[in-house]
Amino acid sequence: MNCINCGLEVTGRFCSQCGQGNPPRRITFGHMFEDFQASMFGFDGMLLRTLKDLTIHPGKVAERFIEGNRVLYYKPISYFLLVITVMLLISSLLGIDYIDYLKASTANSVDEDPNTANFQNTIRNRIFEPISENLRLFTFLYIPVQAFFSRYLFFRKSGYNFVEHCVLPFYMWGHLYVTTLLSIIYFKITGNPVSVTLTALVYMLYFGYAFLDMFAYQSRIKAFLKGIGIYITIQFFIIMVAIIGTLIALLLSPELLNEFKNTSK
């Protein structure tokens, strides 16, 4: 019997060239469930292991992947995209628009003056809408920026090249979106968003710990502080992107520009 995939003659249960089963199994509900389980969790609990170890030893996960262990954990880009996709999917199933969640998270910073508050809400909509619609791409922008500062400023003596410095950020941002998913679920249950200050503190500490855990060639305190420095650098980058987005929105919308002038008086 010839393999249905590559055409090679098959004598056993699997094709010796491509691994195709012989004969192919009928598609059943159990078969579909096995495929789903294998894709999400891996036959050996890959996803659960990745989740656990990125919580306990994020730097070591990245270090093992760079050193060549490519089967123990989810690949960094795959994990990054998987978590964001699952987060957006669950948000949709819960009936929560990600834009509404972002607006609720920053609601405390809205000015009490009605005119100023309306202008701030308009700006939020102009900025948050493209972020929500292009979340993967927008977050992707963090990675090369973080890798650049990690490689050429904070950890120049690590021995890793620029692309290898991208591994930890992909894992980190993917894992931090797990906390965002938990925040969205909390928001759905309570109606209250998690404090922006608390979120920033958790992110900052996780950054510091992840870099401390990965770069052992220098003191732990120094690596921890450098990790926090990279987090602050990324926040500065986000603020600059927000400012540029606001300026573009003002320039492209005469009505919004007039509204800004009125609130400035």
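The values are calculated or read from the model by the stated rules, or taken from the named source; none is laboratory data. Everything numeric in this text was worked out from a predicted model, so none of it was measured. Here Cβ is always computed from backbone atoms with ideal geometry, including for glycine, and neighbour counts include all displayed protein chains. Keep in mind that these areas ignore ligands, DNA and RNA; they rest on the heavy atoms of the full protein, side chains included. Shrake-Rupley method; radii C 1.70, N 1.55, O 1.52, S 1.80 Å.
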**OP:** Kindly provide the set of residues from region 64-75 that are of a type outside the set (A, V, I, L, M), farther than 11 Å from TYR171 by Cα and assigned to a helix (DSSP H, G or I), ordered by number.
**Re:** ARG64, GLU67
Subject >> Residues (open to solvent by 20 Å² or more (accessible area, probe 1.4 Å), at pLDDT 90 or above and not charged (D, E, K, R)) located in region 149-160 >> reply: PHE149, TYR152, LEU153, PHE154, TYR160
Subject >> Given (1) modelled with pLDDT under 90; (2) surrounded by 14 or more Cβ atoms within 10 Å (Cβ to Cβ); (3) over 30 Å from LEU247 (Cβ atoms), number of the condition PHE128 does not satisfy >> reply: (3)
Subject >> Complete set of residues in region 227-265 that are open to solvent by 40 Å² or more (accessible area, probe 1.4 Å), modelled with pLDDT of 75 or more and closer than 22 Å to TYR206 by Cβ >> reply: ILE232, GLN235, PHE236, PHE237, ILE238, ILE239
Original post:
Which one is most open to solvent (accessible area, probe 1.4 Å) among residues in region 207-225 that are of a type outside the set (Gly, Ala, Ser) and within 18 Å of TYR171 (Cα to Cα)?
Top reply: TYR209
Subject >> Single residue of VAL163, VAL194, VAL178 found to be open to solvent by 10 Å² or more (accessible area, probe 1.4 Å) and free of Cβ contacts under 8 Å to residues at least 60 places away in the same chain >> reply: VAL163
Original post:
For region 190-206, how many residues meet the condition of being modelled with pLDDT of 90 or more and within 22 Å of SER91 (Cα to Cα)?
Top reply: 2
Original post:
Within region 95-104, is even one residue on the phi > 0 side of the Ramachandran plot, at pLDDT 70 or above and under 23 Å from the mean Cα position of the chain (by Cα)?
Top reply: yes
Original post:
Any idea which residue in region 68-77 is nearest to the chain's Cα centre (by Cα), counting only those that are open to solvent by 50 Å² or more (accessible area, probe 1.4 Å) and at pLDDT 90 or above?
Top reply: ILE77
